[in-house]
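Computed from the coordinates by the stated procedures, all read-outs in this text should not be read as laboratory data. Note that the structure is predicted; figures quoted are calculated from it, not measured. A quick note on method: Cβ atoms are made from the backbone with ideal geometry, for glycine too, and the neighbour counts reach across all protein chains shown.
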Amino acid sequence: MSEVAVLVIERGGQAERFEVAFEAGQSVLDGLRLIRATVDPGLAFRYSCLNANACKECMMVLDGKVIYACTARLEAREMRLGPLPNKALVRDLVTAIAPPDERL
Ligand code: FES
């Protein structure tokens, strides 16, 4: 049976709430991809490897702690997500992760 997580996402200085149905074991990244596919195609977040903890591109803040969205699990509660605080914000949950001299 699926459960519901409430993702509260910091975007542009506001907090937006999204309810996401999930099965046990699904990741925060799964929830974000579902939101983007079904509710808000404009939601910005970054990932490459999906679930290998290899690309490190899905780093964001969950309830005040830096996590990898692809390895953090959805839970049936309110989960607050925001961009990394110590990086330049690109949009929504995307921050500039490349060193400045590697950016085009
Ligand atoms: S998507 Fe690559 S580490 Fe999370």
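Fewest to most neighbouring Cβ within 10 Å: what's the order for Thr38, Thr95?
Final ranking by Cβ density, sparse to dense: Thr38, Thr95.
Which GluC sites (Glu not before Pro) does the chain hold that lie in a coil by DSSP with at most 10 other beta carbons within 10 Å?
Answer by residue number: Glu23.
Dividing the alpha-carbon Rg of the chain by 2.2 N^0.38 Å yields what?
1.04
In debye, nearest 20: dipole of the range 1-96 around its Cα centre with unit charges on the Cβ of K, R (+) and D, E (-)?
Using Cβ point charges on Lys, Arg, Asp and Glu, the range 1-96 gives about 360 debye.
Picking from Asn53, Phe18, Leu84, whose Cα lies most toward the positive end of the charge dipole for the chain (charges on Cβ: Lys, Arg +1; Asp, Glu -1)?
Checking the options against the dipole of the chain, the answer is Leu84.
Please give, to one decimal in nm, the separation of the simple spin-label points placed at Cys55 and Val4, each 7 Å out from Cα toward the Cβ.
3.1 nm
With each run of n ≥ 4 DSSP H residues scored as -39500 (n - 2.57), what mean residue ellipticity at 222 nm is computed for the chain after dividing by its residue count and rounding to the nearest 500 deg cm²/dmol? Don't skip to the answer; put the middle values down first.
Working: 1 runs with 11 residues, N = 104.
So the helix-based figure for the chain works out to -3000 deg cm²/dmol.
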